[in-house]
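Comments concern the structure below.
Nothing in this text is a laboratory measurement; each read-out follows from the coordinates by a stated rule. Because the structure is a prediction, the values reported are computed rather than measured. Note that each Cβ is placed from the backbone with ideal geometry, even for glycine, and that neighbours are counted across all protein chains shown.
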Amino acid sequence: MRLPRLRLTVRRLMLVIALAGLMMGGGVWGYRTSRLSRVYELNAGRYRSAERLFRELEAFYLATAEQKEKTNYNHLAAVAASTADYHAARVRKYERAARYPWLAVEADPSEPWLPVEDDSRANAKRWR
């Protein structure tokens, strides 16, 4: 029994080329999103370790403030806590971005720094 002959028309060739292009484009998109997902996972890990470090610093400063009864250690603990909160927010952001790498990710805000006191004389007294 003889197989039916497949006729190659221009329409069928265009369909074959379109399907091949879709498959190649899907492969490239899949590669890029998986690679981007790995980058976001690495960023989340970096921020996770920074968060852990600042939580430990906060606990250390609070314990030191209790032992020595000094308020500047409480201030340092508050700064460490706010920095740890910043890093925790970045961890959540990059974990979500790693889960959904095709969605846009907004730029990170700058890291929080030590708050500046309004009274310059208080700063001068502190550093004498």
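General observations
- Where R55 falls short, out of the listed (1) charged (D, E, K, R); (2) over 30 Å from P112 (Cα atoms); (3) touching a residue at least 12 places away in the same chain (Cβ under 8 Å): (2)
- Filter result for E41 (part of a helix (DSSP H, G or I), of a type in the set (D, E, K, R) and touching a residue at least 40 places away in the same chain (Cβ under 8 Å)): yes
Table: residues versus (1) in contact with a strand residue (DSSP E or B) (Cβ under 7 Å, 6 or more places away or on another chain); (2) surrounded by 12 or more Cβ atoms within 10 Å (Cβ to Cβ); (3) part of a helix (DSSP H, G or I).
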position	(1), (2), (3)
L8	no, no, no
I17	no, no, yes
L22	no, no, yes
G25	no, no, yes
R32	no, yes, yes
L36	no, yes, yes
A50	no, yes, yes
L57	no, yes, yes
A63	no, yes, yes
